[in-house]
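The values are calculated or read from the model by the stated rules, or taken from the named source; none is laboratory data. From a predicted model like this one, the values you see are computed outputs, not experimental measurements. Cβ placement follows ideal geometry from the backbone for every residue including glycine, while neighbour counts extend to all protein chains displayed. These accessible areas exclude ligands, DNA and RNA; they are computed on the full protein's heavy atoms, side chains included. Shrake-Rupley method; radii C 1.70, N 1.55, O 1.52, S 1.80 Å.
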Amino acid sequence: MRLGFQRGFAMLLILAVATAGNLHLPIVQAVAWSRMYSQYRQHYPAAVALGITLSGQYPCALCKFVISAETERSKQSDLTTLTFHELLPLPDIHSVVAVAPSPLRSWIWQETKNSLPKNDSLPEVPPPRLA
C-alpha cells in the first residue's frame, strides 16, 4: 500500500513539474494531431489526411489551446526579460575599467629534519612470536 502511495505521489510530482514548465503542450499537440488524422482518414486517403492534419490551416480546439498557451508563454517570457533588464541594467562596455591582478606571494617550503633520537640508535626489533 505504501509503495503504491509513493509511486502515485512521484507521478503526481512529475506531472506538476511538467505542467509548470509547459512540457505538457507537445503531448497535447500530439494527441490533437492523432485525433485530427483519424477523423480525416475516414474521408480521405492517408497522404491527404496527413497533409491536411499537419498543414495548420484547419486547427481543432486542442490545436487552438496549444497555440494560445504558447503565445501566452512567450508574452510572459518577454515580460520577464524586460523586467530583468529594468531591475539589473548592464553597464556600458566603455565604462568598464580593467583591474590588474594582485601579485602572487611566494611561499618558502622549509624541509623538516628527521626526528631521530639523539643517540642515533633505533630500538631493537623484538623476535617474532610463535603462534
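Miscellaneous remarks
- Selection within the range 46-61 - open to solvent by less than 50 Å² (accessible area, probe 1.4 Å), among the hydrophobic types (A, V, I, L, M, F, W, C) and closer than 16 Å to Val31 by Cα: Ala49, Ile52, Cys60
- Scanning the range 1-29 for residues that are assigned to a helix (DSSP H, G or I), surrounded by 12 or more Cβ atoms within 10 Å (Cβ to Cβ) and out of contact with any Phe, Trp or Tyr (no Cβ under 8 Å at 6 or more places or on another chain) gives Leu15, Ala18, His24, Leu25, Gln29.
- Being modelled with pLDDT under 85 and among the hydroxyl-bearing types (Ser, Thr, Tyr) is a property that Ser74 has.
- Members of the range 30-50 that are part of a loop (DSSP other than H, G, I, E, B) and either among the acidic types (Asp, Glu) or closer than 28 Å to Thr71 by Cβ (or both): none
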